[in-house]
1. Under the condition of being exposed (fewer than 10 other Cβ atoms within 10 Å of the Cβ) and over 16 Å from Ala241 (Cβ atoms), which residue from the range 5-37 is modelled with the lowest pLDDT?
2. Hey, any hits in the range 229-236 for a residue that's assigned to a helix (DSSP H, G or I) and either open to solvent by less than 10 Å² (accessible area, probe 1.4 Å) or among the β-branched types (Val, Ile, Thr) (or both)?
3. Considering each residue of the range 161-207, count those that are open to solvent by 10 Å² or more (accessible area, probe 1.4 Å) and of a type in the set (Val, Ile, Thr), and give that number.
4. Only residues that are among the hydroxyl-bearing types (Ser, Thr, Tyr) and more than 27 Å from Arg252 (Cβ to Cβ): list them for the range 34-92, please.
5. Among the residues of the range 114-160, which ones are without any contact (Cβ under 8 Å) to a residue 12 or more places away in the chain and of a type outside the set (A, V, I, L, M)?
6. Could you give me the residue pairs with C-beta distances under 6 Å whose first residue belongs to the range 316-329 and is over 19 Å from Ala369 (Cβ atoms), whose second residue is surrounded by fewer than 18 Cβ atoms within 10 Å (Cβ to Cβ) wherever it lies, and which are 6+ apart or on separate chains?
7. Quick check on my filter: what residues within the range 44-73 are in contact with a helix residue (DSSP H, G or I) (Cβ under 6 Å, 6 or more places away or on another chain), outside any helix (DSSP H, G or I) and open to solvent by less than 40 Å² (accessible area, probe 1.4 Å)?
8. Pick from the range 212-228 the residues that are part of a loop (DSSP other than H, G, I, E, B) and closer than 24 Å to Ile161 by Cα: which of them is least open to solvent (accessible area, probe 1.4 Å)?
Amino acid sequence: MTDRTTQHKATLAARALGEVDAATGEIIPPIHMATTLQRDENYEKRGGRQYIRDGGHAFTQPEAVLAALEGGADAMLFSAGIAACTAAFQALAPGDHVIAPDVMYHGVARWLEEVGKHWGLEVDFVPAGDLGAMKAAVRPGRTRLVWIETPANPTWTVTDIAAAADIAHEAGARLGVDSTVATPVHTNPIALGADIVAHSATKYLNGHSDVLAGALIGARDDEFWQRIRRHRYLNGMLPGAVEAWLLLRGMRTLFVRVRQASASARAIAEHFAAHPGIERILYPGLAGHSGHAVAARQMRDGYGAMLSLCVRGGAEDAIRIAKACRIFLTATSLGGVESLIEHRHTSEPPGTTTPENLLRLSIGIEETADLIADLEQALAAAGTS
């Protein structure tokens, strides 16, 4: 392994920590497909593992890369982003209190409402980014996990991670941060005081829209972290070997992809900020965004590759614009090399607070000028220019 202390994280990612097979000299790791592991000559488990659910060699290198990129003590891969996030909640006990934002990935919010509360967790949803509301929601002696997502989907609300960590720790709780959109390129929550970092690895970490996976990175390998590991084992929430290998491959280009996509996102946001067909743009890289000052402090190398356009009109106007795009694909996801556009209100469950005129954009690595031109012609074709 490479000396992690002397190299930039972009270099560590590109080299996958620099591991080369000593016997063959192969610079690309093999896919470890085995699900069954033979015990050694003393009938002891090899590396403490006897079966793939213990965490096989297929996961060792991608987990090590993730821990290095986030500055954590350990990392775990999961079968999906939702599996990773909910594993942190499942490590709590019935009766424990959780604070979560009202703007977040709706899958986690629905799990908390439909499963977490039924299982016995007490959950309070507070306005995303509102530290005062977060502090007011604390129940002394009962709050065990404060969960934030920053920037938050799909308004890209920014939460001050360091301040949220102070609130959580003062209450004797842990802070979990869904950093899927920020990625290790822009933000390292552990360095700002977070205890757990979550990623939907399906998105930017993989970056090619061909893997379903999730990840947690822990600031400490403590008793709580081991409870999460135990839940992963008991619930079988691990990805397949091929998925783990594809994720490792994707992470090697993480910094190149995210930097390019983020630069394009900022250029698009600035270009359309005064467009007559756009009511407002939600992007933390714009000075007028409510979270810009905090984002400038805790993000680096850009402000992320996600933005939302609130168009003039309603749902039908927004959908017309999305359908008129030629480069942007009308699809639900984010973080791939291809740019996507989505009428988010349609994709979310009943009761969503997402505005009906909001279009969520995931910016890929296409030429910036082509993406701008595509949105220009779509707005014109829909009659909003």
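1. Taking the range 5-37 and keeping what is exposed (fewer than 10 other Cβ atoms within 10 Å of the Cβ), we get 5-6, 8, 22-25, 36.
Checking the rest, the ones that are also over 16 Å from Ala241 (Cβ atoms) come to 5-6, 8, 22-25.
Values: Thr5: 69, Thr6: 79, His8: 93, Ala22: 82, Ala23: 82, Thr24: 84, Gly25: 87.
Among them, the one singled out is Thr5.
2. Here is the first cut: in the range 229-236, the ones assigned to a helix (DSSP H, G or I) are 229-235.
Applying the additional criterion that residues be either open to solvent by less than 10 Å² (accessible area, probe 1.4 Å) or among the β-branched types (Val, Ile, Thr) (or both) yields 232.
Scanning the range 229-236 turns up at least one residue that is assigned to a helix (DSSP H, G or I) and either open to solvent by less than 10 Å² (accessible area, probe 1.4 Å) or among the β-branched types (Val, Ile, Thr) (or both).
3. Final tally of qualifying residues: 5.
4. Of the residues in the range 34-92, the ones among the hydroxyl-bearing types (Ser, Thr, Tyr) are 35-36, 43, 51, 60, 79, 86.
Result: Thr36, Tyr43, Tyr51, Thr86.
5. Pass one, the range 114-160, residues without any contact (Cβ under 8 Å) to a residue 12 or more places away in the chain: 114, 117-118, 130, 132-133, 136.
Selection gives Glu114, Lys117, His118, Asp130, Gly132.
6. From the range 316-329, the pairs are Ala322/Thr330.
7. Gly72
8. Pass one, the range 212-228, residues part of a loop (DSSP other than H, G, I, E, B): 212-213, 219-222.
So of that shortlist, the ones also closer than 24 Å to Ile161 by Cα come out as 219-222.
On the way: Ala219: 26, Arg220: 109, Asp221: 91, Asp222: 42 Å².
So, considering only residues that are part of a loop (DSSP other than H, G, I, E, B) and closer than 24 Å to Ile161 by Cα, the one least open to solvent (accessible area, probe 1.4 Å) is Ala219.
The values are calculated or read from the model by the stated rules, or taken from the named source; none is laboratory data. Nothing here was measured: the structure is a model prediction, and the numbers come from that model. All Cβ positions, even for glycine, are placed from backbone atoms using ideal geometry, and neighbour counts span all protein chains on display. Accessible surface areas use protein heavy atoms only, side chains included; no ligands, DNA or RNA. Shrake-Rupley method; radii C 1.70, N 1.55, O 1.52, S 1.80 Å.
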